[in-house]
Amino acid sequence: MKRRAALLVVVSAFLWLGQGDLASGTGSSGLRGVVERAPIRPVCAAEEACSAPAKNVQLTFARAGYRSAVTRTDATGRYRVVLSPGSWEVRTTAAPKIGAGISPKSVRVYAGKFRVVDFTIDTGIR
């Protein structure tokens, strides 16, 4: 009984930390990177940043026949999610209706590695 309770605690902590869904992979493959929102002003000068970290943004990774995996960015826009190998569609609730949404819209995960993929959320500012 103690072993089962310990396993439940580990599984709960894994899911709570936003590391993905246990059903979506073994933990040896997935994605990590940074999510930015851009542009952040109508006119960007060369010496000024024209993007900013997308803080606390929810990313949803969906694939036919699999449970969706959800993660959130931290205060610096970084994310990490465990996913099984294959092609995944990406959505976010932070993408504005007037912008183009998130880019890229789909990603490929390779077996046995965490691929670095950075995303940009179009703010629609022109």
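The values are calculated or read from the model by the stated rules, or taken from the named source; none is laboratory data. On a predicted model such as this, the values are computed, not experimentally measured, just so you know. Positions of Cβ are generated from backbone atoms using ideal geometry, with glycine treated the same way; all protein chains shown enter the neighbour counts. These area figures cover heavy atoms from the full protein model, side chains too; ligands, DNA and RNA do not enter into them. Shrake-Rupley method; radii C 1.70, N 1.55, O 1.52, S 1.80 Å.
Structure notes:
- All other residues whose Cβ lies under 15 angstrom from that of ASP74 are scored, Lys and Arg at +1 and Asp and Glu at -1, for a net of +4.
- Where segment 44-126 is the region considered: accessible area per residue in Å², 1.4 Å probe: 57 Å²
- Relative packing of peptides 29-35, 59-65 - highest average C-beta neighbours within 10 Å first: 29-35, 59-65
- In plain terms, the bigger the Kirkwood radius, the slower the diffusion; for segment 33-126, with that radius from Cα pairs, at 25 °C and 0.890 mPa s, Stokes-Einstein puts D at 176 µm²/s.
- With every protein chain in place, segment 26-126: carbon and sulfur % of accessible area (1.4 Å): 51 percent
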